[in-house]
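Novice: Below is one structure. I have some questions about it.
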Amino acid sequence: MTSKLDSKIPEGNLEQKWTKYRSTVPLVNPANKRSLEIIIVGSGLAGASAAASLAELGYKVKVFCFQDSARRAHSIAAQGGINAAKNYQNDGDSTYRLFYDTIKGGDYRAREANVYRLAEVSANIIDQSVASGVPFAREYGGLLSNRSFGGTQVQRTFYAAGQTGQQLLLGAYSGLQRQVGTGNVKMYARHEMLEVVTIDGKCRGIIARDLTNGKLERHFGHAVLLCSGGYGNVFFLSTNAMGSNVTAAWKAHKKGAMFANPCFTQIHPTCIPVSGDHQSKLTLMSESLRNDGRIWVPAKKEDAQALREGRIMPNDIKEEDRDYYLERRYPAFGNLVPRDVASRAAKERCDAGYGVNKTGEAVFLDFAANTLRYGKIEANKKGIQNPSQEQIESLGKAVVKEKYGNLFDMYEQITGVNPYEQPMMIYPAVHYTMGGLWVDYNLMTNIPGLYALGEANFSDHGANRLGASALMQGLADGYFVIPYTIGAYLSKEIMTKAISTDHEAFVEAEKNVQDTINRLLSIKGSKTVDYYHKKLGLIIWNQCGMARNEAGLKQAISDVQALREEFWSNVKVPGDANSLNPELEKAGRVADFLELGELMCKDALERKESCGGHFREEYQTEEGEALRDDENYKYVAAWEYFAGNKWELHKEDLIYDNIKIAQRSYK
Amino acid sequence: MEKNLNLNLKVWRQKNASDKGKFEEYKVNNISTDMSFLEMFDVLNDKLVTEDKDPIAFDHDCREGICGSCSMFINGQPHGPKQGVTTCQLHMRSFNDGDTIVVEPWRASPFPVIKDLVVDRSAFDRIISAGGFISVNTGNAQDANAIPIPKENADEAFAAAACIGCGACVAACKNASAMLFVSAKVSQFALLPQGQPERHQRVSEMVAQMDLEGFGACTNTGACSAECPKGISLTHIARMNRDYLAASLSSNEK
């Protein structure tokens, strides 16, 4: 471990670390809290829950989001559910099991102490959400319902139809708005953070741009929390919202915060396939569908060919001619293997020539078998003797509709195909980024006073995140971790008076932002921002996507460098800096992605092993499974930035005292 | 099957809140029926930028029909001709070759235009701040299963909570009433045991804020619910009216 990376993991047994630490972390008395200011960037699950909780404690909070309302942060789009070790199903779940599943699911590249804490507080999140009025799905007895997700063998996922993220975010948002109403939180919507201000090595504020009139604003804070989400949009096509970006985290990185494991990105197996060049984003079909959907491709290549040419329909293919490849390769977990495994398996079949749509990049997700099973159960419940096939189908469809109705509707709107009649077609797409700003146990980056929460940090999911764990982590960080851990820093800041934003550090930071904006507007080249974004996305998808290799990554690095140079000499940004200018906003974000893209490839090149979402073709078993190298790569790769896009690697060794590391098997 | 369309667009252009604004006409060609309505706008904007013209500003983010950002008034209907979808989920297969499509921003005085099709909907946030919450501080919660909630109540609360806050209800209403939006939140909490302690106070304060923001009165035309992309039901307005009356009649509440 290099001296620059102190993870500050408390001493003691794993089970007691958090409880003990929580009880000994220094406190800030209520009177002092009133004079301490906290800036929060991003209003998703992590940002909204942190803002509400910190304001309730008495801190003065400012929240910034680029959307027109805090409620629109992209957490809203999370579909399937949120994990918690409640063991309501009596199926053997426990804090330890959730901890173990998460570490294993992350392919042994996450910190034990952080993940154990996450599992510990998971149950509180459900309690808190229900208390704030989140209408989770319930059984007829009035108690909460659960479902299964990938990478686990217990039912621990709480959900609200296919809109769990929406319901949880609206819960956190209502808590946030309540504090806005009391004046404890000041909300800055349609504002984008464009620089971090540091004074004497400590983070002291930000520069933000009011997107409606282009004015740059200086804001002081005793601490700054980046809750700005992940960087999946580096790929251009992803399940992220159009505005999701890395800019806040990247500006912090360039000010000295280390960026950890950038190559750990998650490709989600069940998304609607790309339909054409016009595509602006990809849409996820929730992992919860894998509870009831069976994934298959034709067993015969000629059938796949006929499907691609539209000569036959999927239902024409007989049962014995179908290859349920996940059930075949992974009998123990079947269709519920983790996301990275399911994605690679789909790519493997499609690369081998078994893809089922016109591009050859799609597999089927089929609900027919389970629709019939549900239909029979319903017929039994209703006492229908000898139900007809049609009755069974219609009863079954009603059950499927209740569970996944909104997802099926969305699928039909996008593709024009009715998934109740035809199996869905799906293909993997970029969904989540496990990498992010390096943080210690307190969620503080290596810049004192600068924190990163939720997807913006790297800490809990290792090399692959399990389904329904992102919502859990965002809310854990915001509701139950930061309110305690921030005391360790702020208790020493009570004598720090608010620093005037006339301070030279603010003046200089604002000038940097202004210079970048002026530069972007003055290029007046010939290609649009999207043109460069699409090109970048394709490079990263092809060379740093589901499979990577040395030659490809080296090529990608030079391609990204060349593209970046072209961008800065030929991009065309219309309009001016003094009004609403979405093209200018995009240009700034793409400029940052063009730097991050290089670092992702560099990190992927450096990590000469396969683990989780990072699959290096040179390192695989004979059966094509990922081959980890614990001897040499059991570390967090934290990159330090130097001017001119140079980086230095720092390693934080991962220590497993409580889990015996093994090859990850879902067979 | 996929087809290509040539279309005429009439789009509202307005530089800022004080500008008078006017329609401008654009032609777009070779639009695939597989495109979403917003992707068609992407194509148009790309063309405008290339031609050194000012691209059209519009709100959008998730493009999955859940964030509530997109807000176009298309051919006289919020979110366009299709029922139950937001503009981002409206696909070009709902249109025909040669169609003229008129696109305007939400028109309601509590939603002032910022630029082109972008309006300021912060009034909704202020209504939520006035009472659209359950006052429970982090850490105060009891076990989530301590109070069973009848499934039908939970389901109905969820149906209300599915509101995405896009403002289509206001745009659809001839009075620019926000009753559907406000009642969805009031109703969600009124149906849950956790929402009972503040039930009367909540409805009074949210309605007061709604009036303060300048939203119009409800005259029961039902246009809001008919145009709501999430199918929020008028029942919630009825429930809110009952609660509001009860709150006004009870002496210990303001």
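Novice: Could you order the peptides B:20-31, A:79-90 from most to least packed, using the average number of other C-beta atoms within 10 Å per residue?
Specialist: A:79-90, B:20-31
Novice: Let me ask something else. If you split all Cα-Cα distances of region B:94-206 into 5 Å bins from zero, what percentages do you get per bin, shortest first?
Specialist: 2, 10, 16, 18, 16, 13, 9, 7, 5, 3, 2, 1, 0
Novice: If each residue's Cβ is checked for other Cβ atoms within 10 Å, how do A:TYR325, A:TYR432 rank with the fewest at the top?
Specialist: A:TYR325, A:TYR432
Novice: Moving on. Taking the Cα-to-Cβ direction at A:LYS524 and at B:ALA146 and moving 7 Å from each Cα, how far apart do the two end points lie in nm?
Specialist: 6.7
Novice: Here's another thing I want to ask about it. Provide Rg and Dmax in Å for region A:269-429, with only Cα atoms included in the calculation.
Specialist: Over region A:269-429's Cα set, Rg and Dmax evaluate to 15.9, 52 Å.
Novice: Check which residues have an amide H placed less than 5 Å from A:THR265's amide H, if you skip close sequence neighbours.
Specialist: Result for A:THR265 returns A:MET434.
Novice: Taking each residue in B:10-20, count the Cβ atoms of any other chain within 10 Å of its Cβ, then average. What number comes out?
Specialist: 1
Novice: Filter the trypsin sites (Lys or Arg not before Pro) in region A:206-294 down to the DSSP loop ones having no more than 13 other Cβ atoms within 10 Å, then list what survives.
Specialist: A:LYS215
Novice: Run the count for region A:269-429, please: Lys pairs, Cα-Cα under 17 angstrom, 8 or more apart or on different chains.
Specialist: Step by step, the pairs that qualify in region A:269-429 add up to 12.
Novice: I would also like to ask the following. Under the classification rounded if a/c is under 1.5, otherwise prolate if a/b is larger than b/c and oblate if not, where does region A:433-545 fall, given a ≥ b ≥ c as square roots of the Cα gyration tensor eigenvalues?
Specialist: Oblate, since a/c reaches 1.5 and b/c is not below a/b.
Novice: Need one value for A:166-176: mean number of C-beta atoms belonging to other chains within 10 Å of its residues' C-beta atoms.
Specialist: 5
Novice: Pull out a ≥ b ≥ c, the square roots of the eigenvalues of the alpha-carbon gyration tensor of the protein assembly as shown, then state rounded if a/c is under 1.5, prolate if not and a/b is larger than b/c, and oblate in the remaining case.
Specialist: Since a/c stays below 1.5, the shape of the protein assembly as shown is classed as rounded.
Novice: Right, something else. Just to check I understand the Karplus step: with θ = phi - 60° and J = 6.51 cos²θ - 1.76 cosθ + 1.60, what whole-Hz values come out for region A:433-442, glycine and proline as x?
Specialist: 10, 6, x, x, 5, 5, 9, 8, 4, 7
Novice: Return the sequence-ordered ³J(HN,Hα) values of region A:405-416 in whole Hz as given by the Karplus equation 6.51 cos²θ - 1.76 cosθ + 1.60 applied to θ = phi - 60°, using x for Gly and Pro.
Specialist: These are the phi-based 3J(HN,Hα) values: x, 5, 6, 5, 4, 4, 4, 5, 4, 6, 9, x Hz.
Novice: Further, regarding this structure: Quick check on packing: order B:62-70, A:452-460, B:225-233, B:239-247 by the mean number of other C-beta atoms within 10 Å, highest mean leading.
Specialist: So the order, starting with the most tightly packed, is A:452-460, B:62-70, B:225-233, B:239-247.
Novice: Would you mind ranking B:ARG13, A:ARG71, A:ARG564 by Cβ crowding within 10 Å, fewest neighbours first?
Specialist: With the fewest neighbours first, B:ARG13, A:ARG71, A:ARG564 line up as B:ARG13, A:ARG564, A:ARG71.
Novice: Right, here's the next one. May I ask what percent, to the nearest 5, of DSSP beta bridges between residues of the protein assembly as shown are antiparallel?
Specialist: About 70 percent, rounded to the nearest 5.
Novice: Tell me, what ³J(HN,Hα) does each residue in region A:24-33 have, in order and in whole Hz, if you take phi through Karplus 6.51 cos²θ - 1.76 cosθ + 1.60 with θ = phi - 60° and put x for Gly and Pro?
Specialist: Result, rounded to whole Hz: 10, 5, x, 9, 10, 6, x, 5, 5, 4.
Novice: Determine which lysines satisfy two conditions relative to A:LYS554: a Cα distance under 19 Å, and not lying fewer than 8 residues away in the same chain.
Specialist: Counting by Cα, and skipping residues close in sequence, A:LYS554 has these lysines nearby: A:LYS535, A:LYS602, A:LYS608, A:LYS646.
Novice: Work out the mean other chain Cβ neighbour count within 10 Å for the residues of A:276-287 and drop it here as an integer.
Specialist: For peptide A:276-287, the averaged partner shielding equals 4.
Novice: As an exercise, identify the trypsin sites (Lys or Arg not before Pro) in region B:144-216 lying in DSSP coil whose Cβ has no more than 12 other Cβ atoms within 10 Å.
Specialist: Answer in residue order: B:LYS174.
Novice: May I pose another question? Please give the calculated 222 nm ellipticity per residue for chain A, where each DSSP H segment of at least 4 residues contributes -39500 (n - 2.57) and the sum is spread over every residue; nearest 500 deg cm²/dmol?
Specialist: After summing the helix terms and dividing by the residues of chain A, the value is -12000 deg cm²/dmol.
Novice: Do any trypsin sites (Lys or Arg not before Pro) in region A:426-513 lie in a DSSP loop with no more than 10 other beta carbon atoms within 10 Å, and if so, which?
Specialist: A:LYS497
Novice: Residue farthest toward the positive end of the dipole of the protein assembly as shown, with Cβ of Lys/Arg at +1 and Asp/Glu at -1: which of A:THR164, A:ILE499, B:PHE95?
Specialist: A:ILE499
Novice: What net charge do the residues around A:ASP440 carry, taking every other residue with its C-beta under 9 Å from that of A:ASP440, with Lys and Arg at +1 and Asp and Glu at -1?
Specialist: That works out to 0.
Novice: Mind scanning A:LYS251/B:LYS20; A:LYS586/B:LYS82; A:LYS33/A:LYS255; A:LYS20/B:LYS151; A:LYS254/B:LYS185; A:LYS215/B:LYS47 and naming the pairs with a C-alpha gap bigger than 32 Å?
Specialist: Violating the 32 Å limit, Cα to Cα: A:LYS251/B:LYS20; A:LYS20/B:LYS151; A:LYS254/B:LYS185.
Novice: Among all the aspartates and glutamates, which ones have a C-alpha under 17 Å from A:LYS660's C-alpha, if same-chain residues fewer than 8 places away are not counted?
Specialist: Answer for A:LYS660, where 17 Å is the Cα cut-off: A:GLU15, A:ASP101, A:ASP107, A:GLU112, A:ASP629, A:ASP630, A:GLU631, listed by chain and number.
Novice: Within 10 Å, count the other beta carbons around each residue, average over each peptide in B:142-148, B:205-211, and list them highest first.
Specialist: My ranking of the peptides, most packed first, is B:205-211, B:142-148.
Throughout, read-outs are computed from the coordinates displayed, never taken from laboratory work. Everything numeric in this text was worked out from a predicted model, so none of it was measured. So basically every Cβ, Gly included, is an ideal-geometry build from the backbone, and we count neighbours across all protein chains shown.
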